[in-house]
1. Scan the range 153-187 for residues that are touching a helix residue (DSSP H, G or I) at 6+ places or on another chain (Cβ under 6 Å) and either part of a helix (DSSP H, G or I) or surrounded by fewer than 17 Cβ atoms within 10 Å (Cβ to Cβ) (or both) and jot them down.
2. Out of all the residues in the range 188-195, is one or more part of a loop (DSSP other than H, G, I, E, B), touching a strand residue (DSSP E or B) at 6+ places or on another chain (Cβ under 7 Å) and buried (at least 24 other Cβ atoms within 10 Å of the Cβ)?
3. Scan the range 47-59 and tell me whether some residue there is at pLDDT 95 or above and touching a strand residue (DSSP E or B) at 6+ places or on another chain (Cβ under 7 Å).
4. Please determine whether any residue of the range 113-133 is more than 20 Å from residue 53 (Cα to Cα), touching a residue at least 60 places away in the same chain (Cβ under 8 Å) and assigned to a helix (DSSP H, G or I).
5. Given the condition modelled with pLDDT of 75 or more, touching a helix residue (DSSP H, G or I) at 6+ places or on another chain (Cβ under 7 Å) and surrounded by 12 or more Cβ atoms within 10 Å (Cβ to Cβ), answer yes or no: does some residue in the range 13-28 qualify?
6. What are the residues in the range 102-124 that are within 16 Å of residue 170 (Cα to Cα) and crowded, with 21+ Cβ neighbours inside 10 Å, if any?
7. Here is a list of conditions, (1) touching a strand residue (DSSP E or B) at 6+ places or on another chain (Cβ under 6 Å); (2) surrounded by fewer than 18 Cβ atoms within 10 Å (Cβ to Cβ), and residue 99 meets all of them except one; can you say which number that is?
8. Are there any pairs with C-beta distances below 9 angstrom linking a residue in the range 22-40 that is over 15 Å from residue 172 (Cβ atoms) to a residue that is modelled with pLDDT under 95 and assigned to a loop (DSSP other than H, G, I, E, B), with the two at least 6 apart or on different chains, and if so which?
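The values are calculated or read from the model by the stated rules, or taken from the named source; none is laboratory data. As the structure is a prediction and not an experimental result, all values here were calculated from the model. Positions of Cβ are backbone-derived with ideal geometry, glycine not excepted, and every protein chain shown enters the neighbour counts.
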């Protein structure tokens with residue numbers, strides 16, 4: 001039998017474990033979908049972490065960075081402030097990525113990935129979220145990506161990935177296709193396809209904030225136009 005002192009130590013040890021297990025579930029989340037002016041762009045993997053590396057496509061860390069850099073440029077053209085968790089081939093721990101996102105007030109977080117499977121026939125786009133606040137952004141990104149020819153729909157679903165579950169602001173993770181699949185992997189190797197992925201994700205983010213029909217819309221000389229400070233694109237003023 002345990003002594004009184006041993007039972008006391010066991011009690012405090014169990015209490016400490018319970019406290020640790022509940023820490024990451026107490027994130028105070030904020031819904032910024034109607035107000036955000038900053039997008040945190042997260043290129044998955046990097047450095048020593050290559051991610052998926054299959055015969056039909058480049059290493060995941062390479063294509064995620066390329067899509068993220070393209071997305072970053074397009075969002076800046078659309079008047080958003082942007083922060084990239086990495087802009088080169090470096091390893092950034094998951095908790096650091098979350099911390100970068102949580103430091104940006106009035107923001108959303110978008111993590112770019114490509115998928116992998118031992119079954120080479122599996123292909124398609126998946127988009128994940130954790131906070132209910134992020135569900136509509138995830139769904140919109142999925143819909144836009146599915147307008148790309150040849151892309152299959154693998155659904156939008158909640159998940160407990162660390163970069164999602166510990167995020168304060170609406171956060172989504174996009175799996176842009178399977179590098180293990182001949183079709184998806186081959187497309188991922190095309191700069192034109194990667195640019196199209198970035199463009200569709202950017203369009204979804206812009207429309208989530210400002211409403212449908214404003215992305216790449218013709219410049220309005222009157223009627224509440226918002227000029228792009230870089231002269232690249234004009235968006236109509238938000239109506240909500």
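1. Residues satisfying the conditions are 162, 163, 187.
2. Filtering the range 188-195 down to residues part of a loop (DSSP other than H, G, I, E, B) leaves 189-190.
Subset that is touching a strand residue (DSSP E or B) at 6+ places or on another chain (Cβ under 7 Å): none.
So far as the range 188-195 goes, no, none of its residues is part of a loop (DSSP other than H, G, I, E, B), touching a strand residue (DSSP E or B) at 6+ places or on another chain (Cβ under 7 Å) and buried (at least 24 other Cβ atoms within 10 Å of the Cβ).
3. For the range 47-59, residues at pLDDT 95 or above and touching a strand residue (DSSP E or B) at 6+ places or on another chain (Cβ under 7 Å): absent.
4. Looking for residues that are more than 20 Å from residue 53 (Cα to Cα), touching a residue at least 60 places away in the same chain (Cβ under 8 Å) and assigned to a helix (DSSP H, G or I), one finds at least one in the range 113-133, hence yes.
5. The answer is no; no qualifying residue exists.
6. 107, 108, 109, 110, 111, 112
7. (1) is the only condition that residue 99 fails.
8. 34/238; 34/240; 37/79
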